[in-house]
Every structure is written in C-alpha cells, then in structure tokens.
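A.B. asks: Can you keep this structure in mind? I'll have questions shortly.
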Amino acid sequence: MAILVTGGAGYIGSHTCVELLNSGYEIIVVDNFSNSKPEALKRVSELTKKSFISYEVDLLDHIALENVFRENHIEAVIHFAGLKAVGESVEIPLRYYHNNITGTVLLCELMQKYNVKNLVFSSSATVYGTPKYVPITEDFSLQTTNPYGRTKLMIEEILGDLHLSDNNWSIALLRYFNPIGAHESGRIGEDPNGIPNNLMPYITQVAIGKREHLNIFGNDYDTHDGTGVRDYIHVIDLAKGHLKALEKVMNRTGIDTFNLGTGIGYSVLDVVKSYEKVTSQKIPYKITQRRSGDIGKCYADTTKANKELGWKAIKNLEDMCQDSWRWQKNNPDGYTEEIKELVENHN
Ligand code: NAD
Ligand code: UD1
C-alpha cells in the first residue's frame, strides 16, 4: 500500500517525500512538472537512498490519472498539486480555477471510484483574508481577495461537501502559513521561476548577487518596526506536519482543519537581520510602497495541531535562513545547473 503524492516534485512536496520515505512509507508521485523539475525527484531518491515510482501526469488528464490508480494500491493521497502565484491568478483566473479546482475534483472522483478516501490537502492561511486580530485560530471567518485564494477556499468547501455526502472520507485541510527554508543537505529547496514574489527567495537572490536590493513593501504597518509580520515556518517542520496529518486521516474518518505555523510573527526587517547574521551576507534594501493586497500581521494559533496532531514546529528563524542560504549557494540556478553539468559531462 502506498501514499500518492500529487505535486511531489514541488517545493513542499519534495521535502515531504523525503520525510515519508525516511519514515518507511512507500510513495508514488504524480506531477506534470509545470512548476518543478524531475531533478528534484532524483535528489529525493539520492537523499533517502530509496527508489519510488513517479508519473509525469497532469491531474486534468483523467485517463492517465486513472492508470495511476489502476496500477497501484493507494492507501491515502497527499494533494499538493496546484498553481500558487497570487498575481498570476489575477491575470489568468480561469487557468487557476480549472487547474486547482477541476484537478481536485477529478482526483477525488478517482479516489471515490477506487475506494481511497484518506486525503491530506494543502490549503493556505490566505483563506483568512484580512484577519480581525492575531493569532489566528481555525474558526476565524474566511474570506479571500484573489482567484488563488478562492480556489483554496472553494476546494475546502468541496471537500466538506464530499465528507458530508459520505462519511467514510477522512480528510485533513492543512492551512500553511509562510513556508521557507530548505533541506539541511542543501540538495532540495525552493526553485521559483523568474522574479520571486515571496520574501525569502527574493532575499536569497539578493544575497547571491542576482538582484541588487530587496524592496520592502511598506514600513507603516501597525507592527513593532512598521514592516509586515508573518509566521515563517521551516519547510521540514511543515513536511513533518503532513506525516502527523496522514497518521490522523488513516486512523479516523471525518474532516478537520489545522493551522501549520510556528505561532511566532516576524517582520520583514527581522528576517533581513536574521539572514544577515547567520549568513554574513549584506542584504541592501529600499522601503517602497505597500504591495496591494498585503496585510500587516498574520500568524497562527497552532494549539489545535499541537494537541490533535501531536505536532509542533521546532526550527527557528536562524535555521530557516541558514538552510535557505545553503540551498541557494549550492544551487545558484536552482535545479537547472546540475542538468546543464550532466549534459556537458556527457558531451
Ligand atoms: P510548487 O509549485 O513548488 O509545487 C506544486 C507542484 O504541483 C509543482 O511541482 C507543479 O508542477 C505541480 N502541479 C501543478 N498543477 C498540476 C497538475 N494539474 N497536475 C500535476 N501536477 C501539477 O508549490 P509548493 O510551494 O510546493 O506548494 C504546494 C501546495 O501548497 C500548493 O497547492 C500551494 O498552493 C500550497 N501552499 C503553498 C504555500 C507556499 O508558500 N509555498 C503556502 C500555502 C499553500
Ligand atoms: C503571499 C501571498 C499569499 C500566499 C503566500 C505563500 C500575496 C498578497 N500573498 O503571502 O496569498 O499564500 O505568499 O505563497 O501575494 N515582502 C517584501 N518584499 C518582497 C516580498 C515580500 O517586503 O520582495 C514582504 C511582504 O509585504 C510581506 C512579507 O514580506 O509582509 C511576506 O511576503 P510573502 O513572502 O510574499 O508572503 P505573504 O505576503 O504572506
């Protein structure tokens, strides 16, 4: 019996695959590599010294996806696959709705058909919109401001309806806060396409000299230094949270939502200072206008995950900065460089 990991070649998926394999799970990965590279999976295998089956399959390709279910004994699904860029989702909303929502519906149809009813789903703290106060508990009201966020909220609702229609389903909705960091080996990490939108990949690109300076989006928020406060969580802690959620869905039926964060809020300047301290790299920055759609403060109350999953994030901001830097330093062009080297070596 195996765990199907959709989007397993992506940033969070690849780190979760490592933790799953290290804990003795058999895994099967499905990814269309629209935002990742097969090289990430090779490195998962290299790090864990374990092999696993992977399929280059799009969730929207119902026939190809059904083959995956037909050819394997799947016990549970961890569903990471989705498009995740907020700005892009405003520009091409239909692509986001089709990929994320239709993809999930098709996946669930096959899970139902093959009687696989254990599901862990990647949601996001974005479903809280502008929270009234912090820390945020799972019962806060939900509202979203962009198509990406709406796909997450709609999928949460679809999965709620699915469970209502058939209470044999066992589902965990994981609302991630801000995942950063990388595997401590420096072999896998976040490999964004083009100019990074998110803070940590932008900082690491400034540190490596690819970008001149960081633009800090506003210093007039109601926070300790005026810059935006977020709950940054190490991707390895996040990956471990998935294993705890998986244990839960395999041992009960029902549907539950969990915040996965550290419960600590750090400002943009806190992150810059911590990064400079642990890496000895200077991060020049300029204060610019607020980014449209941004909020001042966002951090989690993680009591529910602590109690009901027996999970707690343990890595601190310095670990996150150190590991992000190691990944960036060792892979200045992400996963592509190694492929180039391999090609050159073969010529
Ligand atoms: P990622 O883009 O690195 O990984 C997603 C993977 O899914 C990629 O490998 C991509 O190729 C694949 N994929 C996308 N559409 C697919 C499809 N139709 N069929 C097959 N594969 C497909 O993103 P990530 O940061 O690892 O995020 C994983 C999940 O967590 C996403 O659903 C994302 O929305 C959610 N999430 C991420 C963050 C974050 O900050 N990274 C925060 C909250 C929630
Ligand atoms: C963003 C998305 C959110 C998504 C999350 C994870 C927006 C408005 N929100 O969240 O929906 O779930 O990513 O993918 O895009 N910052 C800078 N300069 C930069 C980049 C960021 O100052 O170049 C600041 C931001 O203003 C914010 C903090 O850094 O205060 C974190 O930003 P980011 O990493 O983009 O995450 P979120 O905005 O929390």
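The values are calculated or read from the model by the stated rules, or taken from the named source; none is laboratory data. Quick caveat, the model's predicted, so the values are computed rather than measured. Backbone-built Cβ (ideal geometry, glycine too); neighbour counts: all protein chains shown.
A.B. asks: Is it the case that region 306-318 has a residue that's touching a helix residue (DSSP H, G or I) at 6+ places or on another chain (Cβ under 9 Å), surrounded by fewer than 20 Cβ atoms within 10 Å (Cβ to Cβ) and in a helix (DSSP H, G or I)?
C.D. replies: Yes, the conditions are met somewhere in region 306-318.
A.B. asks: Just for region 222-268: of the residues that are in contact with a strand residue (DSSP E or B) (Cβ under 7 Å, 6 or more places away or on another chain), part of a helix (DSSP H, G or I) and of a type outside the set (V, I, T), which one is farthest from L317 (Cα to Cα)?
C.D. replies: Going through the qualifying residues, I end up with M250.
A.B. asks: Name the residue, out of I53, I78, that is more than 20 Å from I236 (Cβ to Cβ) and either within 16 Å of ligand 2 (Cβ to nearest atom) or at pLDDT 95 or above (or both).
C.D. replies: Step by step, each of I53, I78 is checked, and only I53 is more than 20 Å from I236 (Cβ to Cβ) and either within 16 Å of ligand 2 (Cβ to nearest atom) or at pLDDT 95 or above (or both).
A.B. asks: Would you check which residues across region 134-147 are in contact (Cβ under 8 Å) with a residue 60 or more places away in the chain and closer than 18 Å to D231 by Cα and list them?
C.D. replies: First pass over region 134-147, keeping only residues in contact (Cβ under 8 Å) with a residue 60 or more places away in the chain: 134-138, 145-146.
If the condition is that a residue be in contact (Cβ under 8 Å) with a residue 60 or more places away in the chain and closer than 18 Å to D231 by Cα, then V134, P135, I136, T137, E138 are the ones that fit.
A.B. asks: Given (1) free of Cβ contacts under 8 Å to residues at least 12 places away in the same chain; (2) farther than 18 Å from M200 by Cβ, where does K273 come up short, assuming only one miss?
C.D. replies: (2)
A.B. asks: Within region 66-133, considering only helices (runs of 4 or more DSSP H) that don't extend past its boundaries, which have at least 2 residues that are of a type in the set (V, I, T) and without any contact (Cβ under 8 Å) to a residue 60 or more places away in the chain? So that I can check it myself, show each step before the final result.
C.D. replies: Details: elements: 86-91, 93-96, 103-113.
Because the criterion is at least 2 residues that are of a type in the set (V, I, T) and without any contact (Cβ under 8 Å) to a residue 60 or more places away in the chain, the helices (runs of 4 or more DSSP H) in region 66-133 that meet it are 103-113.
A.B. asks: In region 62-108, which residue that is surrounded by fewer than 14 Cβ atoms within 10 Å (Cβ to Cβ) and among the charged types (D, E, K, R) is nearest to the chain's Cα centre (by Cα)?
C.D. replies: R95
A.B. asks: For region 155-185, give me the residue count where each residue is in contact (Cβ under 8 Å) with a residue 12 or more places away in the chain and surrounded by fewer than 17 Cβ atoms within 10 Å (Cβ to Cβ).
C.D. replies: First, the residues of region 155-185 that are in contact (Cβ under 8 Å) with a residue 12 or more places away in the chain: 155-156, 158-160, 162-163, 166-185.
This time we only want the ones that are surrounded by fewer than 17 Cβ atoms within 10 Å (Cβ to Cβ), so: 158, 160, 166-168, 184-185.
The number of residues fulfilling the criteria is 7.
A.B. asks: Looking at region 174-196, can you tell me whether even one residue there is assigned to a strand (DSSP E or B) and more than 10 Å from ligand 2 (Cβ to nearest atom)? Before the answer, list the steps.
C.D. replies: Within region 174-196, the subset assigned to a strand (DSSP E or B) is 174-176, 178-180.
Pick out the ones that are also more than 10 Å from ligand 2 (Cβ to nearest atom) and you get 174.
Yes, there is a match, as at least one residue in region 174-196 is assigned to a strand (DSSP E or B) and more than 10 Å from ligand 2 (Cβ to nearest atom).
A.B. asks: Listed residues I63, I3; which is more than 10 Å from ligand 1 (Cβ to nearest atom) and part of a helix (DSSP H, G or I)? Show your work before the answer.
C.D. replies: Values: I3 fails: part of a helix (DSSP H, G or I).
I63 is the lone residue from the list that is more than 10 Å from ligand 1 (Cβ to nearest atom) and part of a helix (DSSP H, G or I).
One line per residue, one yes/no per condition, for (1) of a type in the set (S, T, Y); (2) crowded, with 22+ Cβ neighbours inside 10 Å; (3) in a loop (DSSP other than H, G, I, E, B):
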position: S14; (1), (2), (3): yes, yes, no
position: C17; (1), (2), (3): no, yes, no
position: L20; (1), (2), (3): no, yes, no
position: G24; (1), (2), (3): no, no, yes
position: V30; (1), (2), (3): no, yes, no
position: F33; (1), (2), (3): no, no, yes
position: K42; (1), (2), (3): no, no, no
position: E46; (1), (2), (3): no, no, no
position: S51; (1), (2), (3): yes, no, yes
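A.B. asks: Does E184 qualify as being farther than 23 Å from A313 by Cβ, at pLDDT 95 or above and not polar (S, T, N, Q)? First the steps, then the outcome.
C.D. replies: Working: farther than 23 Å from A313 by Cβ: no; at pLDDT 95 or above: yes; not polar (S, T, N, Q): yes.
Answer is no for this residue.
A.B. asks: If I ask for residues that are touching a residue at least 24 places away in the same chain (Cβ under 8 Å), over 18 Å from G103 (Cβ atoms) and within 16 Å of ligand 1 (Cβ to nearest atom), which ones from region 17-44 would you list?
C.D. replies: Of everything in region 17-44, those that are touching a residue at least 24 places away in the same chain (Cβ under 8 Å), over 18 Å from G103 (Cβ atoms) and within 16 Å of ligand 1 (Cβ to nearest atom) turn out to be C17, V18, E19, L20, I27, K37, P38, E39, A40, L41, R43, V44.
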